[in-house]
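Asks: My questions will all concern the structure given below.
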Amino acid sequence: MPRPIIAPSVLASDFGQLSAECKRMIKGGAEWLHMGTASQMTSGGRAIDYSAPPQMSWMGPPVLSCISKAVPGIFMDCHMMVAQPEKWVNDIADAGGSLYCFHIEATSDAVSLIRAIHERKMKAGVAISPDTSSTAITDEIGAAADMLLVMTVYPGRGGQKFIERCVPKVAELRARFPDKDIEVDGGVGPKTVGVCAKAGSNVIVAGTAVFGAPSPEDVIAELKASVAA
Ligand code: DX5
């Protein structure tokens, strides 16, 4: 299995201190920062509808660009919870994005999109929402992607309850793609990381569990140890 990576979700940070918050996490042992770059989701989590979002955050290119200048070398794992993910590849690349993760539900040509992401020298991730089967990631898509993201909450906001029925999808994807990074995101913390790691996830996104802790570095270390075990 690829190496363990902990990616604190910056959506749970103090937005008034964004770059300081990122630095604090890196100092605490985080290698990646998970950027809920754009989230404008329907409650079904399939789509991603600009017209009626239940909640919206827009950590968009101008913000990412400021962070990448303020925190040199930062690895920004950009989770694009948007319709038409094709539209934002260049903007996110220009802003310093390291990984561009789009939802399989939001595109009809994932392989071409992965190619476009790679052309802009970013890693490509493909996310599936809780109601999407792991078979939506075809062999061709999985082989082309660098990372597969299994959402363990409906995308859109932090602090939700972990949906355990999503975990078997991690195991299914790990069996088919032994060398890929497999990320879990949503409600993951010290209590829920174990099942994710056991199923084969090596990239752990945690927002509330890390930013809300008195000692984020201890939580990061604990999560990492659980994945490595
Ligand atoms: C959900 C976001 C998550 C979220 C996770 O739409 O992609 O990254 O911030 O937050 P927690 O860990 O608090 O569930």
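The values are calculated or read from the model by the stated rules, or taken from the named source; none is laboratory data. These numbers were taken from a predicted model, which means no experiment stands behind them. Heads up, the Cβs are rebuilt from the backbone with ideal geometry, glycines too, and the neighbour counts pull from every protein chain shown.
Asks: Does residue 83 count as part of a loop (DSSP other than H, G, I, E, B), under 21 Å from residue 60 (Cα atoms), touching a residue at least 12 places away in the same chain (Cβ under 8 Å) and of a type in the set (A, V, I, L, M, F, W, C)?
Replies: Yes.
Asks: Among the residues of region 197-205, is there at least one that is assigned to a loop (DSSP other than H, G, I, E, B), at pLDDT 95 or above and of a type in the set (Lys, Arg)?
Replies: Scanning region 197-205 turns up no residue that is assigned to a loop (DSSP other than H, G, I, E, B), at pLDDT 95 or above and of a type in the set (Lys, Arg).
Asks: Could you please tell me which pairs satisfy a Cβ distance under 9 Å, a separation of 6+ or placement on different chains, a first residue in region 154-179 that is under 13 Å from residue 129 (Cβ atoms), and a second residue that is among the polar types (S, T, N, Q) and away from the ligand (no atom under 16 Å from the Cβ)?
Replies: 169/133; 169/134
Asks: Any idea which residue in region 195-206 is nearest to residue 30 (Cα to Cα), counting only those that are more than 10 Å from the ligand (Cβ to nearest atom) and touching a strand residue (DSSP E or B) at 6+ places or on another chain (Cβ under 8 Å)?
Replies: Here the answer is 203.
Asks: A follow-up question, please. Can you name the residue in region 176-194 that is more than 16 Å from the chain's Cα centre (by Cα) and within 15 Å of the ligand (Cβ to nearest atom) and, of all such residues, is farthest from residue 34 (Cα to Cα)?
Replies: 191
Asks: Follow-up question, since we're still on this one. Mind listing whichever residues of region 130-189 are modelled with pLDDT of 95 or more and among the β-branched types (Val, Ile, Thr)?
Replies: 135, 137, 138, 141, 150, 152, 163, 167, 170, 182, 184, 188
Asks: When region 122-163 is examined, which residues are found to be surrounded by fewer than 24 Cβ atoms within 10 Å (Cβ to Cβ), in contact with a Ser or Thr (Cβ under 8 Å, 6 or more places away or on another chain) and not in a loop (DSSP other than H, G, I, E, B)?
Replies: Passing the criteria: 123, 128.
Asks: Is there a residue in region 115-127 that is away from the ligand (no atom under 14 Å from the Cβ) and small (Gly, Ala, Ser)?
Replies: Yes: region 115-127 contains one or more residues that are away from the ligand (no atom under 14 Å from the Cβ) and small (Gly, Ala, Ser).
Asks: What number of residues within region 1-33 satisfy the criterion of being more than 16 Å from the ligand (Cβ to nearest atom) and free of Cβ contacts under 8 Å to residues at least 40 places away in the same chain?
Replies: Qualifying residue count for the region: 3.
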